[in-house]
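Q: Quick one: structure below, then a few questions.
The values are calculated or read from the model by the stated rules, or taken from the named source; none is laboratory data. What you see is a predicted model, and the numbers here were worked out from it, not measured in a lab. Don't worry about glycine lacking a Cβ; one is built from the backbone with ideal geometry, like all the others, and counts go over all protein chains shown. Keep in mind that these areas ignore ligands, DNA and RNA; they rest on the heavy atoms of the full protein, side chains included. Shrake-Rupley method; radii C 1.70, N 1.55, O 1.52, S 1.80 Å.
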Amino acid sequence: MPELSQLIALFYAQPEKLGQFEEVSAEKTPPPFRQLLAHNEHMTVTVEKFHGCNVDVKVLETRNAGNFYSRKILLTRQRDGKVVQYGIVRLNCDYLDDEPANEIKSERIPLGRVLIQHNVLREVQLTSLWHVQPAAELRELMGLQPQETVYGRTALIYCNGEPAVELLEIVTRD
(Lines give C-alpha, C1' and ligand atoms only; values in the text may rest on other atoms or scores of the structure.)
Protein backbone atom coordinates (compact mmCIF):
# COMPACT_ATOMS: atom_id res chain seq x y z
CA MET A 1 0.00 0.00 0.00
CA PRO A 2 1.30 3.47 -0.78
CA GLU A 3 2.28 5.34 2.37
CA LEU A 4 1.86 9.09 2.07
CA SER A 5 4.97 9.80 4.15
CA GLN A 6 7.13 7.46 2.04
CA LEU A 7 5.96 9.00 -1.24
CA ILE A 8 6.57 12.53 0.01
CA ALA A 9 10.01 11.51 1.38
CA LEU A 10 11.11 10.57 -2.14
CA PHE A 11 11.43 14.29 -2.95
CA TYR A 12 11.10 16.20 0.35
CA ALA A 13 13.32 15.85 3.42
CA GLN A 14 10.50 17.39 5.46
CA PRO A 15 6.86 16.57 4.58
CA GLU A 16 5.70 20.07 5.55
CA LYS A 17 7.74 21.44 2.62
CA LEU A 18 4.99 19.98 0.40
CA GLY A 19 2.05 20.75 2.68
CA GLN A 20 -0.12 19.68 5.58
CA PHE A 21 -2.23 16.57 4.91
CA GLU A 22 -5.38 15.43 6.68
CA GLU A 23 -7.07 12.18 5.67
CA VAL A 24 -10.76 12.66 4.82
CA SER A 25 -13.66 10.49 3.72
CA ALA A 26 -15.27 10.75 0.29
CA GLU A 27 -18.34 12.26 1.98
CA LYS A 28 -16.21 15.08 3.42
CA THR A 29 -14.51 15.76 0.09
CA PRO A 30 -16.33 18.66 -1.59
CA PRO A 31 -17.19 18.87 -5.28
CA PRO A 32 -15.50 18.95 -7.71
CA PHE A 33 -12.67 17.25 -5.79
CA ARG A 34 -14.83 14.22 -4.94
CA GLN A 35 -15.63 13.70 -8.64
CA LEU A 36 -11.95 14.05 -9.56
CA LEU A 37 -10.50 11.81 -6.81
CA ALA A 38 -12.98 9.37 -5.24
CA HIS A 39 -12.86 6.56 -7.80
CA ASN A 40 -10.76 3.65 -9.03
CA GLU A 41 -9.86 5.07 -12.44
CA HIS A 42 -6.74 6.58 -14.00
CA MET A 43 -6.33 10.25 -13.18
CA THR A 44 -5.15 10.97 -16.73
CA VAL A 45 -8.52 9.87 -18.10
CA THR A 46 -10.43 11.56 -15.27
CA VAL A 47 -8.79 15.00 -15.57
CA GLU A 48 -9.01 14.93 -19.38
CA LYS A 49 -12.74 14.19 -19.19
CA PHE A 50 -13.30 16.81 -16.47
CA HIS A 51 -11.36 19.55 -18.31
CA GLY A 52 -12.53 18.58 -21.80
CA CYS A 53 -9.06 18.30 -23.32
CA ASN A 54 -5.93 16.16 -23.27
CA VAL A 55 -3.19 16.78 -20.74
CA ASP A 56 0.58 16.81 -21.02
CA VAL A 57 3.07 15.67 -18.41
CA LYS A 58 5.87 17.89 -17.13
CA VAL A 59 8.45 15.97 -15.11
CA LEU A 60 9.96 18.17 -12.41
CA GLU A 61 12.37 15.68 -10.82
CA THR A 62 13.22 11.96 -10.97
CA ARG A 63 14.87 9.35 -8.77
CA ASN A 64 16.13 5.88 -9.65
CA ALA A 65 16.79 3.34 -6.92
CA GLY A 66 17.28 -0.26 -7.99
CA ASN A 67 14.20 -1.30 -9.95
CA PHE A 68 12.22 1.73 -8.79
CA TYR A 69 11.71 4.81 -10.95
CA SER A 70 10.11 7.77 -9.16
CA ARG A 71 9.10 11.16 -10.45
CA LYS A 72 7.50 14.39 -9.33
CA ILE A 73 5.18 15.69 -12.06
CA LEU A 74 2.60 18.19 -13.18
CA LEU A 75 -0.23 17.52 -15.61
CA THR A 76 -1.16 20.54 -17.71
CA ARG A 77 -4.09 21.17 -20.02
CA GLN A 78 -3.06 21.17 -23.67
CA ARG A 79 -5.44 24.01 -24.56
CA ASP A 80 -3.92 26.59 -22.21
CA GLY A 81 -1.04 25.03 -20.23
CA LYS A 82 -2.86 25.39 -16.88
CA VAL A 83 -1.69 22.97 -14.19
CA VAL A 84 -4.50 20.60 -13.24
CA GLN A 85 -2.58 18.01 -11.20
CA TYR A 86 0.57 17.59 -9.15
CA GLY A 87 1.82 14.09 -8.54
CA ILE A 88 4.47 11.84 -7.08
CA VAL A 89 4.79 8.45 -8.75
CA ARG A 90 6.87 5.43 -7.72
CA LEU A 91 7.01 2.68 -10.35
CA ASN A 92 8.38 -0.80 -9.70
CA CYS A 93 9.80 -1.61 -13.14
CA ASP A 94 9.90 -5.34 -12.31
CA TYR A 95 6.16 -5.46 -12.98
CA LEU A 96 6.11 -3.84 -16.43
CA ASP A 97 7.44 -4.96 -19.79
CA ASP A 98 10.40 -2.97 -21.08
CA GLU A 99 8.46 -1.07 -23.76
CA PRO A 100 5.88 0.63 -21.48
CA ALA A 101 8.47 1.11 -18.71
CA ASN A 102 10.85 2.85 -21.14
CA GLU A 103 8.04 5.00 -22.54
CA ILE A 104 7.13 6.12 -19.03
CA LYS A 105 10.80 6.92 -18.36
CA SER A 106 10.95 8.93 -21.58
CA GLU A 107 8.92 11.55 -19.65
CA ARG A 108 6.86 12.59 -22.69
CA ILE A 109 3.49 10.91 -22.03
CA PRO A 110 1.36 10.71 -18.85
CA LEU A 111 1.71 7.35 -17.10
CA GLY A 112 -1.99 6.45 -17.38
CA ARG A 113 -2.00 7.02 -21.12
CA VAL A 114 1.10 4.80 -21.56
CA LEU A 115 -0.52 1.94 -19.63
CA ILE A 116 -3.74 2.27 -21.63
CA GLN A 117 -1.97 2.50 -25.01
CA HIS A 118 0.12 -0.58 -24.24
CA ASN A 119 -2.99 -2.43 -23.10
CA VAL A 120 -1.39 -3.30 -19.76
CA LEU A 121 -3.89 -5.21 -17.63
CA ARG A 122 -4.36 -2.77 -14.78
CA GLU A 123 -6.49 -2.10 -11.74
CA VAL A 124 -6.43 1.25 -9.94
CA GLN A 125 -7.09 1.08 -6.21
CA LEU A 126 -7.87 4.26 -4.29
CA THR A 127 -6.31 4.01 -0.83
CA SER A 128 -6.92 7.41 0.84
CA LEU A 129 -8.29 10.88 0.18
CA TRP A 130 -6.46 13.92 1.58
CA HIS A 131 -7.33 17.52 2.40
CA VAL A 132 -4.16 19.45 1.58
CA GLN A 133 -3.00 22.82 2.88
CA PRO A 134 -0.21 23.41 0.34
CA ALA A 135 3.18 24.82 1.28
CA ALA A 136 4.79 27.58 -0.79
CA GLU A 137 6.32 25.36 -3.51
CA LEU A 138 3.07 23.50 -4.17
CA ARG A 139 1.07 26.76 -4.21
CA GLU A 140 3.49 28.19 -6.76
CA LEU A 141 3.52 25.07 -8.95
CA MET A 142 -0.27 24.83 -8.99
CA GLY A 143 -0.99 28.57 -9.20
CA LEU A 144 -2.87 28.63 -5.87
CA GLN A 145 -3.69 31.57 -3.61
CA PRO A 146 -2.04 31.66 -0.14
CA GLN A 147 -5.02 30.33 1.85
CA GLU A 148 -6.42 28.07 -0.89
CA THR A 149 -6.70 24.40 -0.01
CA VAL A 150 -6.88 21.47 -2.40
CA TYR A 151 -7.50 17.74 -2.21
CA GLY A 152 -5.55 14.71 -3.27
CA ARG A 153 -5.41 10.96 -3.07
CA THR A 154 -3.03 8.10 -2.66
CA ALA A 155 -3.61 5.14 -4.94
CA LEU A 156 -2.02 1.94 -6.14
CA ILE A 157 -2.05 0.61 -9.68
CA TYR A 158 -1.79 -3.12 -10.13
CA CYS A 159 -0.28 -4.04 -13.49
CA ASN A 160 -0.85 -7.61 -14.61
CA GLY A 161 -1.93 -8.41 -11.05
CA GLU A 162 1.18 -6.95 -9.37
CA PRO A 163 1.40 -3.74 -7.26
CA ALA A 164 3.45 -1.76 -9.77
CA VAL A 165 2.69 1.94 -9.22
CA GLU A 166 2.23 3.99 -6.03
CA LEU A 167 0.74 7.45 -6.45
CA LEU A 168 0.11 10.72 -4.69
CA GLU A 169 -2.15 12.89 -6.86
CA ILE A 170 -3.30 16.41 -5.95
CA VAL A 171 -5.75 18.25 -8.19
CA THR A 172 -6.87 21.83 -8.72
CA ARG A 173 -10.46 22.99 -8.54
CA ASP A 174 -10.68 24.29 -12.11
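Q: What's the extension gain from residue 64 to residue 108 if we count 0.36 nm per residue and subtract their Cα-Cα distance?
A: 14.1 nm
Q: Let me ask something else. Take the alpha carbon atoms of the stretch 46-86, find their center, do the same for the stretch 109-148, and report the distance between the two centers in whole angstrom.
A: Centre-to-centre distance over Cα atoms comes out at 7 Å.
Q: Of the options 68, 43, 117, report the single residue whose Cα projects farthest towards the positive end of the charge dipole of the stretch 4-171 (beta-carbon charges: Lys, Arg +1; Asp, Glu -1).
A: Of the candidates, 43 comes out farthest on the positive side.
Q: Let me ask another. Sorted by accessible area with a 1.4 angstrom probe, largest first, how do 48, 22 fall?
A: From most accessible down to least: 22, 48.
Q: What does a probe at residue 137 reach in the stretch 6-31, counting residues whose amide N is under 17 Å from the point 7 Å along Cα→Cβ?
A: 6-21
Q: Which sequence of 105, 49, 82, 17 reflects their accessible areas, 1.4 Å probe, from the largest down?
A: Largest accessible area first, the list is 49, 17, 105, 82.
Q: Name the residue, out of 68, 33, 21, whose mean-square fluctuation peaks in a Gaussian network model built on the chain with Cα pairs under 10 Å.
A: 68
Q: Can you pull out the GluC sites (Glu not before Pro) in the stretch 104-174 that DSSP calls coil and that have at most 14 other Cβ atoms within 10 Å?
A: Sparse-neighbourhood loop GluC sites (Glu not before Pro): 107, 148.
Q: Accessible area per residue, 1.4 Å probe, Å², for the chain: what's the number?
A: Dividing the accessible area of the chain by its residue count gives 48 Å².
Q: Using a Förster distance of 35 Å, how high is the FRET efficiency between residue 162 and residue 23, based on the Cβ-Cβ distance and rounded to 0.05?
A: Taking R0 as 35 Å, the efficiency between residue 162 and residue 23 is 0.85.
Q: May I ask you to list the lysines whose Cα is less than 23 Å away from that of residue 72, ignoring any residue fewer than eight positions away on the same chain?
A: Answer for residue 72, where 23 Å is the Cα cut-off: 17, 49, 58, 82, 105, listed by chain and number.
Q: Sorted by accessible area with a 1.4 angstrom probe, largest first, how do 28, 58 fall?
A: Highest to lowest solvent-accessible surface, that is 28, 58.
Q: Still on this structure: Pop out the carbon and sulfur fraction of the accessible area of the stretch 4-171 as a percent, whole number, probe 1.4 Å.
A: With neighbouring chains kept in place, the figure for the stretch 4-171 is 44 percent.
Q: Taking springs between alpha-carbon atoms closer than 10 angstrom, which of 118, 42, 131 fluctuates most in the Gaussian network model of the chain?
A: It is 118.
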